[in-house]
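The values are calculated or read from the model by the stated rules, or taken from the named source; none is laboratory data. Everything numeric here is computed off the predicted structure, so don't read it as measured data. Positions of Cβ are backbone-derived with ideal geometry, glycine not excepted, and every protein chain shown enters the neighbour counts. Heavy atoms of the whole protein, side chains included, go into the accessibility calculation; ligands, DNA and RNA do not. Shrake-Rupley method; radii C 1.70, N 1.55, O 1.52, S 1.80 Å.
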Amino acid sequence: MAFESLADRLGSVFKKLRGKGKISEADLKEAMKEVKRALLEADVNFKVVKDFINGVSEKALGQNVLESLTPGQQVIKIVNDELCALMGKETAKLDFSRKITVIMMVGLQGAGKTTSSAKIGGFLKKQGKRPILVAADVYRPAAKKQLKVVGEQLGVPVFSIDESTDAVFIAKKALEHASQNANDVVIIDTAGRLHIDEELMEELKNIKSAVEPSEILLTVDAMTGQDAVNVAQSFNKQLDITGVVLTKLDGDTRGGAALSVKAVTGKPIKFAGMGEKLTDLEPFHPDRMASRILGMGDVLTLIDKA
Amino acid sequence: EKTKTSFGDKLDSVLKVFKKIDDDLYDELEEALIMADAGVETSMYIIDELKKKVKENHLTEADEVRGAIKEIIADILSENDNEVKLSGSPAVVMVIGVNGVGKTTSIGKMASLFKSEGKKVILGAGDTFRAAAVDQLQVWAERVGVDIIKHQEGADPGAVMFDSISAAKARGADVLIFDTAGRLHNKKNLMDELKKIYKIIERELPNSSKEVLLVLDATTGQNALSQAKLFGEAADITGIVLTKLDGTAKGGIVIAIGHEQKIGVKFIGVGEGVDDLQKFNAQDFADALF
Ligand SMILES: Nc1nc2c(ncn2[C@@H]2O[C@H](COP(=O)(O)OP(=O)(O)OP(=O)(O)O)[C@@H](O)[C@H]2O)c(=O)[nH]1
Ligand SMILES: Nc1nc2c(ncn2[C@@H]2O[C@H](COP(=O)(O)OP(=O)(O)OP(=O)(O)O)[C@@H](O)[C@H]2O)c(=O)[nH]1
Ligand SMILES: [Mg+2]
Ligand SMILES: [Mg+2]
């Protein structure tokens with residue numbers, strides 16, 4: 001892939017500038033062209049890339065090149081540091097401040113909501129919570145069945161009203177059921193929908209006002225391209241999400257969508273989906289994402305030692 | 001009820017600002033292509049071709065650029081086969097792709113389309129892995145009114161393929177559409193499993209046409225290139241089904257795949273309903289972009 005050669009390409013940009021000295025404006029411009037391309041190939045949104053490059057250029061201009069680094073490595077270090085700053089350092093936690101923690105899972109079709117609902121249920125059960133899953137996808141063929149199967153696999157109870165096609169009603173009843181059965185976490189699986197589907201977005205707003213969730217987690221497929229900003233912005237604007245679950249990170253995508261989503265919503269990514277198995281869920285580590293997007297873990301380890 | 005600002009609107013505004021052809025116009029066009037997920041490399045290629053065309057045809061107005069760039073994209077997209085072939089008894093359509101892209105749903109829609117063309121269709125429930133995948137396909141089979149061959153959850157998908165072919169032959173079906181479990185292309189064991197399933201078709205139906213359709217989600221970015229490449233190593237992909245074009249994503253990655261890997265698009269998905277599948281048309285796709 002063209003991408004793997006970012007280090008090489010930066011190396012050739014800086015051929016003239018060896019060892020010490022300051023990074024000049026002309027060199028920097030050339031270098032940033034390569035960085036821009038690398039980020040675009042990683043699917044970071046074009047506008048996000050533009051802003052990012054402007055910010056980084058300002059920081060890098062006139063900086064002294066460290067003794068131990070080549071100018072190319074120096075630029076990569078600055079870019080990586082800025083990416084990390086944008087992604088955030090801390091792993092974000094769920095809000096458990098209320099007696100019953102209601103988590104609403106939302107997102108586009110096929111993003112991984114149902115699977116992630118179950119995974120989070122299993123994850124919290126292990127931590128001693130008493131979660132239930134709520135089958136509030138009343139549209140997709142066999143959606144309720146799917147949630148029941150995964151719930152059973154994990155030993156997490158599933159609340160479903162099979163004959164109901166009213167997602168708001170189901171969510172409300174689930175909450176009553178939870179307080180009667182001493183469940184302290186309620187995870188609501190909703191149907192996949194487009195961010196521009198006004199009718200179905202209205203349904204989510206109605207569920208939100210009916211159950212007042214502590215968390216609204218937008219599930220985003222890590223392979224998403226440029227459109228990630230439209231999706232994230234729109235869901236966030238309409239629902240004021242509290243965080244993101246980034247799925248399918250077990251693939252070979254660079255996952256630039258992570259950066260796009262963080263940049264446009266400012267909301268933290270809380271979990272990473274790492275596979276189809278119901279234990280394949282991890283708290284998200286933003287610092288690791290930066291090096292994945294840059295696709296140069298090796299170079300970065302080298303720089304860390306410098 | 002669905003509102004969207006299209007790529008075409010964006011381009012319109014670009015062309016309004018730029019009356020004459022200059023470097024800024026080319027930059028703006030390249031940006032628009034990248035925002036449609038066409039990728040850096042392919043976008044640069046298209047712009048280069050556009051510049052050649054502008055020179056050759058002595059184009060001087062920005063307006064004329066619109067037709068030229070559409071033509072270039074339509075050419076790339078129609079260079080590869082866009083027709084579905086269904087010959088033999090039965091013809092086989094195997095549907096593959098990463099998780100959640102719309103394989104099972106597209107099968108339901110295709111079944112309906114083929115049936116409406118007078119074909120006897122049978123479905124093979126080859127996803128024995130995902131929770132309730134068989135139930136999901138079953139709902140579609142009932143909705144469309146076609147037969148379905150299924151095993152237990154956890155069964156060997158190769159055995160399902162074998163049985164599906166036997167049943168299709170015995171019942172005189174014209175088309176067997178086979179669902180497979182979603183899998184990420186970087187998982188070698190799952191790709192090997194797919195290879196095995198594909199070999200069964202080759203062995204059992206040497207004289208039938210074999211469509212291997214890779215389903216791509218229009219929302220997907222550059223990773224689709226890797227998907228096409230690695231799925232292509234497991235089975236001979238004959239075409240793409242590009243789903244979820246009813247959203248705001250443009251699916252421009254199929255231009256890159258058409259250009260670099262010579263795979264054509266055969267169907268597009270434009271919704272979750274049974275009729276939301278259309279035969280792909282390169283010119284329409286290019287028109288819709290601009
Ligand atoms: N490899 C991998 N697959 C995943 C991951 N998360 C979910 N999936 C798969 O992605 C597909 C879609 O997942 P679902 O949980 O059904 O997605 P959804 O968002 O509920 O889909 P809809 O309800 O149709 O909108 C399934 O095949 C899952 O097994 C992940 O982290 N890695
Ligand atoms: N808006 C829209 N949604 C679609 C389209 N095609 C499929 N979907 C939805 O996408 C989700 C996933 O579709 P599936 O058919 O289950 O996808 P799949 O590839 O079979 O998924 P796995 O078997 O889990 O890998 C479902 O909610 C579908 O209704 C489309 O063209 N437009
Ligand atoms: Mg679901
Ligand atoms: Mg499926």
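Taken together, A:VAL185, A:VAL211, A:VAL168 contain a single residue that is buried (at least 23 other Cβ atoms within 10 Å of the Cβ), more than 14 Å from chain B (Cβ to nearest Cβ) and touching a helix residue (DSSP H, G or I) at 6+ places or on another chain (Cβ under 6 Å), which is A:VAL185. Residues of region B:1-57 that are within 27 Å of the chain's Cα centre (by Cα), modelled with pLDDT of 85 or more and not in a helix (DSSP H, G or I): B:ALA36, B:ASP37, B:ALA38, B:GLY39.
Across region B:71-82, not a single residue is classified as over 30 Å from B:ASP284 (Cα atoms) and among the small types (Gly, Ala, Ser). Helices (runs of 4 or more DSSP H) fully within region A:83-190 that include at least 2 residues being touching a Phe, Trp or Tyr at 6+ places or on another chain (Cβ under 9 Å): A:113-126, A:167-180. Checking each residue of region B:167-175 against the condition of being within 24 Å of the chain's Cα centre (by Cα), away from chain A (no Cβ under 14 Å) and away from ligand 2 (no atom under 16 Å from the Cβ) gives at least one match. Here B:ALA62 meets the list (1) modelled with pLDDT of 95 or more; (2) open to solvent by less than 10 Å² (accessible area, probe 1.4 Å); (3) not hydroxyl-bearing (Ser, Thr, Tyr) almost entirely, failing just condition (1).
Scanning region A:138-147 for residues that are at the interface with chain B (Cβ under 8 Å from one of its Cβ atoms) and of a type outside the set (A, V, I, L, M, F, W, C) turns up A:TYR139, A:ARG140, A:PRO141, A:LYS145, A:GLN146. Do you know which of the residues in region B:136-185 that are within 16 Å of ligand 1 (Cβ to nearest atom) and assigned to a loop (DSSP other than H, G, I, E, B) is most open to solvent (accessible area, probe 1.4 Å)? My answer is B:GLU153. Applying the set (1) of a type outside the set (D, E, K, R); (2) away from ligand 1 (no atom under 16 Å from the Cβ); (3) closer than 30 Å to B:GLY39 by Cβ to A:HIS195 leaves exactly one unmet item: (2).
Going through (1) more than 15 Å from ligand 4 (Cβ to nearest atom); (2) more than 14 Å from chain A (Cβ to nearest Cβ); (3) over 23 Å from the mean Cα position of the chain (by Cα); (4) not charged (D, E, K, R) one by one, B:VAL160 falls short only on (1). Is one or more of the residues making up region B:26-38 within 14 Å of another protein chain (Cβ to nearest Cβ), surrounded by 18 or more Cβ atoms within 10 Å (Cβ to Cβ) and touching a strand residue (DSSP E or B) at 6+ places or on another chain (Cβ under 8 Å)? Scanning region B:26-38 turns up at least one residue that is within 14 Å of another protein chain (Cβ to nearest Cβ), surrounded by 18 or more Cβ atoms within 10 Å (Cβ to Cβ) and touching a strand residue (DSSP E or B) at 6+ places or on another chain (Cβ under 8 Å).
Here A:LYS33 does not fit the description of being more than 16 Å from ligand 3 (Cβ to nearest atom), open to solvent by 70 Å² or more (accessible area, probe 1.4 Å), within 25 Å of A:ALA258 (Cα to Cα) and in contact (Cβ under 8 Å) with a residue 12 or more places away in the chain.
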